[in-house]
Amino acid sequence: MKVVTLRSPGGLDRLEVVERDAPGEPGPGEVRVRLQASSLNFHDYAVVAGMIPVEDGRIPMSDGAGVVEAVGEGVEDFATGDAVVSTFFPPWLEGPARLGNFATTPGDGVDGYARERIVRPAHWFTHQPAGYSPAEAATLTTAGLTAWRALVVEGGLKAGDTVLVLGTGGVSIFALQFAQLMGARVIATSSSDDKLARLREMGAEHTINYRDDPEWGKTVQALTGGAGVDHVVEVGGPGTLPQSIEAVRIGGHIALIGVLTGREGEIPTAKLMAKQARLQGLIVGSRRHQLEMIRAIEASGVKPVIDATFGLEEIAEAFRHQEAGRHFGKICLEW
């Protein structure tokens, strides 16, 4: 079978497609899955670009979707032919957050899904939403679940709330969709007027070009009648957090889910304190969160926005497309 490996110390030119023996029959509690798709996330890019060191020969990609080929003894949740999608933190089944690193995350601490087949414990997967293609399902593991947890699980999103989303990456687009699903209003930012137009077509009530308006936090305040937004899905980190704090309402919620602008920076702590806002860091979610999200997706018919699809052997080209930053929504691999 075809497998993608990453040679240390990383870099897109160090991704290799190799042939390996296919895995055998699953053991007790395991399933064998014929993988068909994955999707690209910033975390995956950080791994393959060498920003996050991993073992030599690591198989990348945290997201994996496919079909169950065989089930081991004792497996009750899945049967041969079931369409399944992976979970980001295999040991975190439910309950409060209990993992603070990527030691158990496929594509980082352990081998991931850039391959044609895999044998793993059944609890590493959930069913795909009915009617989803493999590529659509593969967008849920990281991006979809991060947005869901940020707004619904931790944010307690309700109808009539106002949500601020930053940019047009996978998490932000899912956040816009889930906000609309829950009856919330959305304000969205981008540096591209063309992308802002697409965001409005998707239902964003207000859009802001942050390159033209560097004090966009104050603009958000004005657009909300001076109140501020109830929720911010903060993907930028130190470069955008001060404006997000400006934009949030008193007692609001900022979900810090990304560090696209760097890992460290100054935070206007007095402003945050005065806002009495909740600033919460979070990384994806549990298997239980994923099951709940998929129920909501099936009830609503929400479908992910896929910008482009590449073959497994085109993985480096796919990451270069991501690196260029021109995408809107998710980039997928399909094979």
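The values are calculated or read from the model by the stated rules, or taken from the named source; none is laboratory data. If you're wondering where the values come from, they're calculated on a predicted model, not measured in any experiment. Every residue, glycine as well, gets a Cβ built from its backbone with ideal geometry; the counts of neighbours run over all protein chains shown. Please note that ligands, DNA and RNA were not included when accessible areas were found on the heavy atoms of the full protein model with its side chains. Shrake-Rupley method; radii C 1.70, N 1.55, O 1.52, S 1.80 Å.
Taking region 117-159 only, how many residues are charged (D, E, K, R), buried (at least 20 other Cβ atoms within 10 Å of the Cβ) and out of contact with any Pro (no Cβ under 6 Å at 6 or more places or on another chain)?
Total satisfying the criteria: 2.
Exactly one of these conditions fails for residue 264: (1) modelled with pLDDT of 95 or more; (2) outside any helix (DSSP H, G or I); (3) in contact with a Pro (Cβ under 7 Å, 6 or more places away or on another chain). Give me its number.
Evaluating residue 264 over (1) modelled with pLDDT of 95 or more; (2) outside any helix (DSSP H, G or I); (3) in contact with a Pro (Cβ under 7 Å, 6 or more places away or on another chain) leaves (1) as the failure.
Only one residue in 60, 28 is at pLDDT 95 or above, closer than 30 Å to residue 130 by Cβ and open to solvent by 20 Å² or more (accessible area, probe 1.4 Å). Which one?
Result of the check over 60, 28: 28.
Here are some conditions: (1) under 18 Å from the mean Cα position of the chain (by Cα); (2) open to solvent by 40 Å² or more (accessible area, probe 1.4 Å). Residue 84 meets all but one. Which one does it not meet?
Of everything listed in (1) under 18 Å from the mean Cα position of the chain (by Cα); (2) open to solvent by 40 Å² or more (accessible area, probe 1.4 Å), residue 84 misses just condition (2).
Tally time: how many residues in region 169-185 are closer than 25 Å to residue 309 by Cβ and open to solvent by 10 Å² or more (accessible area, probe 1.4 Å)?
Residues meeting the conditions: 6.
Return only the number of the condition from (1) in a loop (DSSP other than H, G, I, E, B); (2) touching a strand residue (DSSP E or B) at 6+ places or on another chain (Cβ under 7 Å); (3) farther than 27 Å from residue 317 by Cα that residue 61 does not satisfy.
Exception for residue 61: condition (3).
One line per residue, one yes/no per condition, for (1) part of a helix (DSSP H, G or I); (2) open to solvent by less than 40 Å² (accessible area, probe 1.4 Å); (3) polar (S, T, N, Q); (4) in contact with an Asp or Glu (Cβ under 8 Å, 6 or more places away or on another chain):
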{"site": "230", "(1), (2), (3), (4)": "no, yes, no, yes"}
{"site": "237", "(1), (2), (3), (4)": "no, yes, no, no"}
{"site": "244", "(1), (2), (3), (4)": "yes, yes, yes, yes"}
{"site": "250", "(1), (2), (3), (4)": "no, no, no, no"}
{"site": "255", "(1), (2), (3), (4)": "no, yes, no, yes"}
{"site": "273", "(1), (2), (3), (4)": "yes, no, no, no"}
{"site": "283", "(1), (2), (3), (4)": "no, no, no, no"}
{"site": "298", "(1), (2), (3), (4)": "yes, no, no, no"}
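Return a yes/no flag: does region 71-86 have any residue that is touching a Phe, Trp or Tyr at 6+ places or on another chain (Cβ under 8 Å) and assigned to a loop (DSSP other than H, G, I, E, B).
Within region 71-86, one or more residues are touching a Phe, Trp or Tyr at 6+ places or on another chain (Cβ under 8 Å) and assigned to a loop (DSSP other than H, G, I, E, B).
Which of the numbered conditions does residue 302 fail, given that it passes all the others? Conditions: (1) assigned to a loop (DSSP other than H, G, I, E, B); (2) under 25 Å from residue 102 (Cβ atoms).
(2)
Could you check how many residues of region 98-116 are surrounded by fewer than 23 Cβ atoms within 10 Å (Cβ to Cβ) and small (Gly, Ala, Ser)?
The number of residues fulfilling the criteria is 3.
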